[in-house]
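Colleague: Sharing a structure with you now.
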Amino acid sequence: MKIIIIGAGQVGGTLAENLVGEKNDITLIDTNSETLRELQDKMDLRVVVGHGSHPDVLKQAGAEDAELVVAVTNDDATNMIACQICYSLFNTANKIARIRSSKILKYQKELFQNKNIPVDHVIAPEQLVTRDIARLIDYPGALQVLEFAEGKVSLVAVKAYYGGLLVGHALSTLREHIPNIDTRVAAIYRNGKPIRPLGTTVIEADDEVFFIAASIHIRAVMNELQKLEAPYKKIMIAGGGNIGSGLARLLEKNHQVKLIEHSPKRAAYLASELNDTLVFTGDSSDQELLMEEHIDQFDVFIAVTNDDEANIMSSLLAKRLGVRKAMVLIQRSAYIDLVHGSNIDIAVSPQHATISALLTHVRRGNIDNVYSLRGGAAEAIEIVAKGDEKSSKVVGKTIQQIKLPPGTTIGAIVRDEEVLIAHSDTRIQAEDHVVLFLVNKRYINDVETLFQLDAITFF
């Protein structure tokens, strides 16, 4: 596929890295020639120096025959104009724009149509991060919660702890522990390395376990791997930007929420906009302030300012002062590795959320959802099985008959409203939503090919 990516920042560069090895022809546009040169030295792609919203630059990048344009600069206006020009001058079929402004997103349905602003898919990082954090609040103890098939089935990552009923036992005993709930372990990571989950595999403390189940059964399965935590009730949010305010608005209905905002003007605005959130002005890394607000009595501290260092320091301070859990928003990928293993419980990356959303629209075939995992090394995808037994390599076959790429697991199938956890004798039907986990994403092309329809020759 011929793809033009406008913006070579963290999102654009990471997206290019994800796509360049998958038989795609990638051209990257940015005004920063040094950044482009560094990326070109690492990857096999074309680069064009210039403004992505200028017609001549887009033409030079090959917009005339590009199949997809992805505009992910830090400027919403540039992204929208680039999509408009690609539509008006080059008739580009598919256009994706990253939009951050909540004031623009408020009118998303009215604005983003071909007769107005021709953007086919909008990626809103702040909304994605807000959604991801809210899911973690709903499932105390989870490291990640990924939803498929409109929320019917979930893939959850948890850390196995001493005290978990399954810890020290083989996976085959899971059915004995919860006989009325069907679930499947899709992957296990031990000391950072993937282990193929078999019935004889014994779960050890500190294993990171990815399991899949109907969403209504998530808590029951989590209880097998760690002592089930009490629901979060009291939440403190540091940062009143788009993410912090959106999160407060989402959580205040069912939780006690306090929000710290550094700017008095912004704090006053949020206090008037939010209904049941207590907003106050201050520095979230001020020890006296946190102690005055009794941080030790809170269940979760969530740092979501625009400053990675401030988020990390305030979260570490909150943990030292006794908060139960600390979640931190981190923009720089290098910092995520630094946080891993520290007292901070969960690091949330806007880049990972954005890349997952972008990949959902970029992947070939009938793919409904993509989640980039483990720093981009692994993926979880939802793909719709099409065709019949003659035209499809998977329809009509049991899972044990399907030759999956190495390290690939079919975790679940959603058929209409029914969730079927995958077993060796489970047979795939047309229009099934199939959820797969790929330990190594370099096999994604093989999975896409597996689900493509065979050409039928008529005589």
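The values are calculated or read from the model by the stated rules, or taken from the named source; none is laboratory data. Here the structure is a predicted model, which is why all the values come from computation and not from measurement. Neighbour counts run over all protein chains shown; Cβ positions are idealised from the backbone, glycine included. Note: accessible area is taken over every heavy atom of the protein model, side chains too, but ligands, DNA and RNA are not part of it. Shrake-Rupley method; radii C 1.70, N 1.55, O 1.52, S 1.80 Å.
Colleague: To the nearest 20 debye, what charge dipole does the stretch 360-451 have about its Cα centre, counting +1 at the Cβ of each Lys and Arg and -1 at the Cβ of each Asp and Glu?
Modeller: Charge dipole, the stretch 360-451, about its Cα centre: 500 debye, nearest 20.
Colleague: I'm spelling it out carefully: the read-out is Cα extents along the principal axes in Å, the candidates are (1) 78, 59, 41; (2) 63, 49, 41; (3) 73, 46, 43, and one was derived from this structure. Which label?
Modeller: After the calculation, the listed value that fits is (1).
Colleague: Hey, another quick one. Go through Phe280, Ile137, Val439 and say which Cα lies farthest out towards the positive end of the charge dipole of the chain; charges sit on Cβ, +1 for Lys and Arg, -1 for Asp and Glu.
Modeller: About the Cα centre, the residue reaching furthest to the positive side is Val439.
Colleague: For Asp425 and Lys227, calculate 0.36 nm times their separation in residues minus their Cα-Cα distance, and state this gained length in nm to one decimal. Display every interim value, and only then the final one.
Modeller: On the way: separation 198, 0.36 × 198 = 71.28 nm, distance 3.25 nm.
That works out to 68.0 nm of additional length.
Colleague: Quick one: with all protein chains in place, what share of the accessible area of the chain is carbon or sulfur, to the nearest percent (1.4 Å probe)?
Modeller: Whole-percent figure for carbon plus sulfur exposure: 48.
Colleague: To the nearest 20 debye, what charge dipole does the stretch 129-225 have about its Cα centre, counting +1 at the Cβ of each Lys and Arg and -1 at the Cβ of each Asp and Glu?
Modeller: With only Lys, Arg, Asp and Glu charged at Cβ, the dipole is about 140 debye.
Colleague: With point charges of +1 on the Cβ of Lys and Arg and -1 on the Cβ of Asp and Glu, referenced to the Cα centre of the chain, which listed residue (Ile413, His255, Leu19) lies farthest in the positive direction of the dipole?
Modeller: Ile413
Colleague: Using the Karplus curve 6.51 cos²θ - 1.76 cosθ + 1.60 with θ = phi - 60°, what ³J(HN,Hα) values do you get for each residue of the stretch 367-382, in whole Hz, with x for Gly and Pro?
Modeller: Here the 3J(HN,Hα) series is 9, 9, 8, 9, 10, 8, 10, 6, x, x, 6, 10, 9, 10, 9, 10 Hz.
Colleague: Please say if the stretch 52-109 is rounded, prolate or oblate, where rounded means a/c under 1.5 for a ≥ b ≥ c the square roots of the C-alpha gyration tensor eigenvalues, and otherwise the choice is prolate for a/b larger than b/c and oblate otherwise?
Modeller: prolate
Colleague: Please identify the GluC sites (Glu not before Pro) of the stretch 379-418 that satisfy two criteria: DSSP loop assignment and at most 16 other Cβ atoms within 10 Å. Which are they?
Modeller: Here the sparse-neighbourhood loop sites are Glu389, Glu417.
Colleague: Using a simple charge model, +1 on the beta-carbon of Lys and Arg, -1 on the beta-carbon of Asp and Glu, nothing else, what dipole does the chain show about its Cα centre, in debye to the nearest 20? Intermediate results must be reported in sequence, preceding the final value.
Modeller: On the way: 48 positive and 59 negative charges, 92 e Å.
It works out to roughly 440 debye.
Colleague: For Lys42 and Leu89, FRET efficiency with R0 = 30 Å and r from the beta-carbon atoms, rounded to 0.05?
Modeller: Details: r = 31 Å, r/R0 = 1.04.
Here the calculated transfer efficiency is 0.45.
Colleague: Also, quick follow-up: May I ask you to give the solvent-accessible area per residue for the chain, in square angstrom, as obtained with a 1.4 angstrom probe? Please list the in-between numbers first.
Modeller: Details: 21430 Å² over 459 residues.
That works out to 47 Å² per residue.
Colleague: Farthest toward the dipole's positive end in the stretch 2-123, which of Ile104, Ala82, Val49, given Cβ charges of +1 (Lys, Arg) and -1 (Asp, Glu) about the Cα centre?
Modeller: Going by the charge dipole, the pick is Ile104.
Colleague: Show that you can apply the helix-only estimate: for the chain, add -39,500 (n - 2.57) for every DSSP H stretch of four or more residues, divide by all residues, and state [θ] at 222 nm to the nearest 500.
Modeller: Value at 222 nm, helices only, nearest 500: -8500 deg cm²/dmol.
Colleague: Roughly speaking, what is the centre-to-centre gap between the stretch 190-227 and the stretch 387-405 when only Cα atoms are used, to the nearest Å?
Modeller: Taking the Cα centre of each part, the stretch 190-227 and the stretch 387-405 sit 28 Å apart.
Colleague: Could I ask something else about it? Roughly how much of Ser424 is accessible, in Å² to the nearest 10, using a 1.4 Å probe?
Modeller: Accessible area, nearest 10 Å²: 60 Å².
Colleague: Given labels modelled 7 Å from the Cα in the Cβ direction, how far is it in nm from Arg131 to Lys403?
Modeller: 3.6 nm
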